[in-house]
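Where a number appears in this text, it was derived from the coordinates with a stated rule and is not lab data. In this text the structure is predicted, and so the values were computed from the model without any measurement. No Cβ is skipped: glycine too gets one built from the backbone with ideal geometry, and neighbour counts run over all protein chains shown.
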Amino acid sequence: MRSVISNVSKQVQEVNFFYVDLDDSPELGVLFRVLSVPTMILVNNGKEIKRHIGDASEKEVKEWVFSSI
């Protein structure tokens, strides 16, 4: 999933992408109530807009992002 997010972030410059390893930052998992991995969360102005749980292809990630912005 990391490579998918990396590739999409290079193509979609209207959005800032961040990859978080919950082993390194477990407090973010608690803050965003992440119960399974991978989880993608779209946040705008500090508020969760949309959430996707599970793997996704580059095409699916782009469609998911663009359907929300």
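The GluC sites (Glu not before Pro) of the stretch 6-69 that DSSP puts in a loop, and whose beta carbon has at most 15 other beta carbons within 10 Å, are Glu14. Taking Lys and Arg as +1 and Asp and Glu as -1, the other residues whose beta-carbon sits under 12 Å from that of Val37 total -2.
Once the C-beta distance of Arg33 and Lys59 is scaled by a Förster radius of 25 Å, the resulting FRET efficiency is 0.40 to the nearest 0.05. Semi-axes of the equivalent ellipsoid of the chain are 19, 14, 11 Å, computed as sqrt(5λ) over the eigenvalues of the C-alpha gyration tensor in descending order. Per-residue extension of 0.36 nm, minus the Cα-Cα distance of Asp23 and Ser67, leaves a gain of 12.8 nm for this segment.
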